[in-house]
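The values are calculated or read from the model by the stated rules, or taken from the named source; none is laboratory data. All values reported here derive from a predicted model rather than from experimental measurement. Note that each Cβ is placed from the backbone with ideal geometry, even for glycine, and that neighbours are counted across all protein chains shown. Keep in mind that these areas ignore ligands, DNA and RNA; they rest on the heavy atoms of the full protein, side chains included. Shrake-Rupley method; radii C 1.70, N 1.55, O 1.52, S 1.80 Å.
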Amino acid sequence: MWYDRVMSAPRSASIETLCIHAGQPPDPVSGAVMTPIVLATTFAQDGPGVHKGYDYSRAGNPTRTALEQCLAALEGARHAVAFGSGCAATTAVLLTLRSGDHVIVCDDVYGGTFRILDKVLAQFGLQATFLDMTEPRRVAQAMRPNTRLIWMETPSNPMLKVFDIRAIADVARAGGACLAVDNTFATPVLQRPLELGATLSVHSTTKYLNGHSDVIGGAVMTSDDALAERLHFIQKAIGAVPSPFDCYLVLRGIKTLPVRMERHVSSARALAVWLTTRPTVSRVRYPGLSSHEGYDLATRQMKAAGGMISFELKGGLEHARAFLRALRIFACAESLGGVESLAEHPATMTHASLPMEARETLGISDGLIRLSIGLEGLRDLMADLERGFDALS
């Protein structure tokens with residue numbers, strides 16, 4: 001079977017086992033238990049067009065293959081395609097479409113995804129409608145005869161909305177479209193979109209999968225054979241490939257993904273509850289809180305609510321700046337999902353590319369703070385946030 005050739009554990013194994021062994025059998029040459037980093041750019045052929053599966057590293061590389069096989073196993077997919085960044089993975093998915101095709105996109109979407117659609121691909125005739133997907137019927141109403149793709153993030157960035165993957169997958173299927181889910185915030189440990197009906201699961205491997213803030217990467221997983229073949233072609237054609245060393249680093253990070261996610265989630269849950277008690281916080285957004293509008297759906301769809309929190313500070317931009325400047329353990333930085341805790345200001349950082357009117361409609365106010373909860377001690381993180389609140393007085 002497929003897994004006998006590429007894995008040292010069957011695909012029915014637990015995700016903890018897959019993270020360590022999927023696509024990573026001991027090296028047949030040396031017996032090394034860690035996947036070798038193959039830095040070669042080209043590969044000797046037995047004759048013209050007769051090779052051992054690799055001819056040029058842009059088209060394929062053994063270290064990248066190991067990563068792709070591991071990622072496919074984690075998402076329960078037949079295929080995975082690794083890219084040089086999350087934005088490259090997103091762009092590759094969109095490049096499977098044609099000029100004049102229509103895409104429905106969740107309104108609360110990563111600023112880089114909005115930029116690709118609005119500033120890059122729109123000039124080539126790709127049409128995009130941004131809307132709130134919390135009610136699947138809205139998605140159904142937005143479908144057009146030329147709708148070919150529905151794109152969602154769940155939980156979304158930065159408002160942490162939760163969208164019904166299964167229901168919207170049904171809408172996509174009925175309209176002859178594909179559903180792509182950006183699963184970066186949840187990871188395959190907490191949510192598996194393909195099992196809920198999605199066609200594609202997309203990741204910035206920069207974030208939780210790698211988990212150490214030292215690699216830029218992306219990936220797309222699918223069980224659609226034709227779509228996977230098209231994505232591999234685009235990967236090769238545009239050269240948006242990760243380096244072998246970066247693939248090795250992501251594989252290294254994935255080995256500890258389940259235990260890291262357990263700690264991310266437990267600390268985030270405790271901090272989210274604590275933040276609701278702070279007098280200068282007007283609202284906390286975390287899918288693990290019963291006050292979250294998507295709490296019931298998140299409980300059904302996810303194994304846990306994740307490690308991201310957004311909250312609203314009273315006092316707007318002035319207080320947000322003072323709060324972030326006072327932090328010592330939380331770094332004021334973009335990105336997320338690393339072992340270190342990060343705090344950022346979406347309106348002026350990750351989502352600055354969105355027009356002000358769009359940010360206001362979404363609720364991305366000047367007082368919104370987004371936290372990526374790392375692996376530091378919970379008491380230390382709480383004390384650091386308290387330091388930020390003290391700065392406001």
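Some points to look at:
- Tally, over region 336-393, of residues that are at pLDDT below 95, of a type in the set (D, E) and not in a loop (DSSP other than H, G, I, E, B): 2
- Residue satisfying condition, being more than 21 Å from the chain's Cα centre (by Cα) and either small (G, A, S) or more than 30 Å from R192 (Cα to Cα) (or both), within set S341, S291, S353, S372: S291
- Test for R137: is it open to solvent by 30 Å² or more (accessible area, probe 1.4 Å), over 21 Å from the mean Cα position of the chain (by Cα) and touching a residue at least 40 places away in the same chain (Cβ under 8 Å): no
- Qualifying positions in region 1-31 - open to solvent by less than 70 Å² (accessible area, probe 1.4 Å), modelled with pLDDT of 65 or more, among the aliphatic types (A, V, I, L, M) and over 19 Å from T205 (Cα atoms): A13
- Candidates in region 113-131 are the residues that are open to solvent by less than 50 Å² (accessible area, probe 1.4 Å) and not in a helix (DSSP H, G or I); of these, the one that is farthest from M349 (Cα to Cα) is G125.
- Restricting V241, V273, V259 to those that are within 27 Å of A333 (Cβ to Cβ) and touching a Gly at 6+ places or on another chain (Cβ under 8 Å) reduces the list to V241.
- Test: A140 is over 27 Å from E360 (Cβ atoms), in contact with a helix residue (DSSP H, G or I) (Cβ under 9 Å, 6 or more places away or on another chain) and modelled with pLDDT of 95 or more: no
- Qualifying residue in region 79-87 (condition: modelled with pLDDT of 95 or more, in contact with a strand residue (DSSP E or B) (Cβ under 8 Å, 6 or more places away or on another chain), among the polar types (S, T, N, Q) and within 22 Å of G197 (Cα to Cα)): no
- Of residues in region 32-67 being open to solvent by 20 Å² or more (accessible area, probe 1.4 Å) and touching a Gly at 6+ places or on another chain (Cβ under 9 Å), the one nearest to K255 (Cα to Cα): T35
Conditions (1) crowded, with 17+ Cβ neighbours inside 10 Å; (2) within 24 Å of A305 (Cα to Cα); (3) in contact (Cβ under 8 Å) with a residue 60 or more places away in the chain, marked per residue:
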| residue | (1), (2), (3) |
| --- | --- |
| R328 | no, no, no |
| V339 | no, yes, yes |
| H351 | yes, yes, yes |
| L362 | yes, yes, yes |
| D366 | yes, no, no |
| I369 | yes, yes, no |
| R387 | no, no, yes |
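- Looking at region 219-313, the helices (runs of 4 or more DSSP H) lying wholly inside it that each contain 1 or more residues that are in contact with a Ser or Thr (Cβ under 9 Å, 6 or more places away or on another chain), open to solvent by less than 20 Å² (accessible area, probe 1.4 Å) and more than 22 Å from S372 (Cβ to Cβ) sit at 225-238, 244-254.
- Test: residue in region 97-112 that is modelled with pLDDT under 95 and either more than 27 Å from A298 (Cα to Cα) or outside any loop (DSSP other than H, G, I, E, B) (or both): yes
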